[in-house]
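First up is the structure itself, then whatever we jot down about it.
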């Protein structure tokens with residue numbers, strides 16, 4: 001990727017990320033527009049929002065995570081996000097990537113899976129997989145055994161390209 005393309009990609013990604021920087025006392029120093037949309041204007045205030053409750057987990061395991069922790073598919077102030085929290089010893093930086101349901105994305109996914117021959121049941125299961133749900137959670141939600149779910153998943157994966165295997169989809 002050329003330098004100009006990389007810069008455009010980074011700026012585009014930056015427009016999708018919520019960014020919040022706090023001092024060690026958890027007082028908000030900076031928020032970008034996406035962070036304000038998610039949490040409200042917090043600059044100058046001590047933050048007690050969801051990400052700071054998540055941050056407690058970073059503090060608890062900082063010896064093994066070196067002050068950085070990723071929270072996948074978590075709820076932050078009513079928004080489904082991936083959250084990355086980094087404590088560099090001076091500031092606590094939170095990056096939020098919105099996972100809120102994008103109708104266009106689901107329409108494209110559904111069309112792709114239908115084209116590959118997935119049944120209605122398989123389509124529902126695959127959408128849950130794409131949302132990052134575990135097999136146990138999917139089986140519980142659908143009121144089926146884990147063995148039945150594995151049978152469905154094996155049938156699904158036979159219809160899809162190898163790049164759609166669980167390790168790639170749920171990563």
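The values are calculated or read from the model by the stated rules, or taken from the named source; none is laboratory data. Remember, predicted model here, so these are calculated numbers, not experimental data. Neighbour counts are summed over all protein chains in view; Cβ atoms, including those assigned to glycine, are modelled from backbone coordinates with ideal geometry.
Among the residues here, residue 153 qualifies as touching a helix residue (DSSP H, G or I) at 6+ places or on another chain (Cβ under 9 Å), more than 17 Å from residue 106 (Cα to Cα) and in contact (Cβ under 8 Å) with a residue 12 or more places away in the chain. Considering segment 54-88, and only residues there that are farther than 17 Å from residue 23 by Cβ, more than 10 Å from the chain's Cα centre (by Cα) and at pLDDT 75 or above, the residue that is surrounded by the most Cβ atoms within 10 Å (Cβ to Cβ) turns out to be 69. Among the residues of segment 122-136, those that are modelled with pLDDT of 90 or more and either loosely packed, with under 15 Cβ neighbours inside 10 Å or closer than 17 Å to residue 72 by Cα (or both) comprise 135, 136. For segment 98-107, the condition of being surrounded by 13 or more Cβ atoms within 10 Å (Cβ to Cβ), within 28 Å of residue 43 (Cβ to Cβ) and touching a helix residue (DSSP H, G or I) at 6+ places or on another chain (Cβ under 8 Å) holds for at least one residue.
Residues that are under 30 Å from residue 155 (Cβ atoms), at pLDDT 80 or above and not assigned by TED's automatic domain parsing to the domain that holds residue 17 occur in segment 92-109; there is at least one.
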